[in-house]
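**Q** Pasting in a structure now, in structure tokens, and then I'll have a few things to ask.
The values are calculated or read from the model by the stated rules, or taken from the named source; none is laboratory data. Since the structure is predicted, the reported quantities are computational estimates derived from the model, not experimental observations. Please note: Cβ atoms are built from the backbone with ideal geometry, for glycine as well, and neighbour counts cover all protein chains shown. Quick note on the areas: whole protein, heavy atoms, side chains included, nothing else; ligands and nucleic acids left out. Shrake-Rupley method; radii C 1.70, N 1.55, O 1.52, S 1.80 Å.
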Amino acid sequence: MNKIVILCGSPQEKSKIEVVLRHIQAILESEGFSITFLSVLDFSPVNLIKGYYNSIEIKKFTEVMEEADGVLIGSPVYKASYTGALKSLIDLLPEGALKGTPVFPLMVGGTGAHLLAIEYALKPLINSLKGKPTHGIYILDSQIDRMSKDNPIIDVEIINRLYVQLNDFVRSIQIKNPFIA
């Protein structure tokens, strides 16, 4: 069974990015993937702010990330980039923590003006960990309904793009691990 880690970079509970990531988790679990859902809120602020990479929780986080067959990283856009909380957490991983691992970047923002935050902020972060970023997807706040039980994404084009890119992500995981079905 393929192991996928979903990492939510939002420092807010029940954020739009978290709702979307939980929806993706349900999709992937229905296809038989083993999912570990992590949030920056799961980690001690002291470990993040003081950079305690040798703490037990950060060592466990590192192990989970290094053992993942695929990773999905989602963040809201803050100041044209990912959140500081996500950066603080990622900074505690060793440089090659995602070596050769497919990583699906996903961002949610209030305006299309930040569309390139994936290309100029999140993908370079993934590359610094030696991960292999997939195309990724950017969703506007206005295209998400947090209250929807079936699908929080209300834009049909975004829904279709998400499914196409999830299929590409799954294929890249299977290419990385050709003997795992």
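**Q** For the chain, what is the calculated [θ] at 222 nm in deg cm²/dmol (nearest 500), taking -39500 (n - 2.57) for each run of four or more DSSP H residues and dividing by its residue count?
**A** So the calculated ellipticity at 222 nm is -11500 deg cm²/dmol.
**Q** For residue 36, what is the net charge nearby, where nearby means another residue's Cβ is under 12 Å from its Cβ and Lys, Arg count +1, Asp, Glu -1?
**A** Every neighbour counted, the sum reads -3.
**Q** Would you mind giving the average projected area, over all directions, of the Cα convex hull of the stretch 1-71 in nm² with one decimal?
**A** The orientation-averaged projected area of the Cα hull of the stretch 1-71 comes to 4.8 nm².
**Q** Enumerate the calculated ³J(HN,Hα) couplings along the stretch 47-52 in order (Karplus 6.51 cos²θ - 1.76 cosθ + 1.60, θ = phi - 60°), each rounded to whole Hz, writing x wherever the residue is Gly or Pro.
**A** So the J values, rounded to whole Hz, are 4, 6, 5, 8, x, 7.
**Q** Taking every DSSP beta bridge that has both residues in the chain, what percent is antiparallel when rounded to the nearest 5?
**A** For the chain, the DSSP antiparallel bridge percentage is about 10.
**Q** Around residue 135, under 13 Å between beta carbons, what's the net of Lys plus Arg minus Asp minus Glu among the other residues?
**A** +2
**Q** Something else about it: Compute log10 of I(q)/I(0) for the stretch 41-111 with the Debye formula, placing one identical point scatterer on every Cα and leaving out solvent, at q = 0.13, 0.17, 0.23 Å⁻¹, to two decimals.
**A** Results for the stretch 41-111 at q = 0.13, 0.17, 0.23 Å⁻¹ read -0.40, -0.68, -1.12.
**Q** Suppose accessible area is computed on protein heavy atoms with a 1.4 Å probe; arrange 57, 63, 13, 18 from highest to lowest.
**A** Reading off the accessible areas and sorting them downward yields 13, 63, 57, 18.
**Q** Past the 24 Å Cα-Cα mark, which pairs from 3/99; 3/79; 60/99; 3/132; 14/79?
**A** Among 3/99; 3/79; 60/99; 3/132; 14/79, the Cα-Cα distance tops 24 Å for 3/79.
**Q** Tell me, what is the percent relative contact order of the chain, built from C-alpha pairs under 8 Å that lie six or more residues apart?
**A** Taking the mean separation of contacting Cα pairs over the length of the chain, I get 23 percent.
**Q** If one computes the Cα centroid of the stretch 5-74 and of the stretch 111-181, what distance in Å separates the two points?
**A** Answer, in whole Å: 15.
**Q** Quick one: net charge of residue 113's neighbours, Cβ under 13 Å, K/R +1, D/E -1?
**A** Residues close to residue 113 contribute a combined charge of 0.
**Q** Now for a separate question. Just flag the trypsin sites (Lys or Arg not before Pro) in the stretch 2-85 sitting in loop per DSSP whose Cβ has no more than 15 other Cβ atoms within 10 Å.
**A** 14, 79
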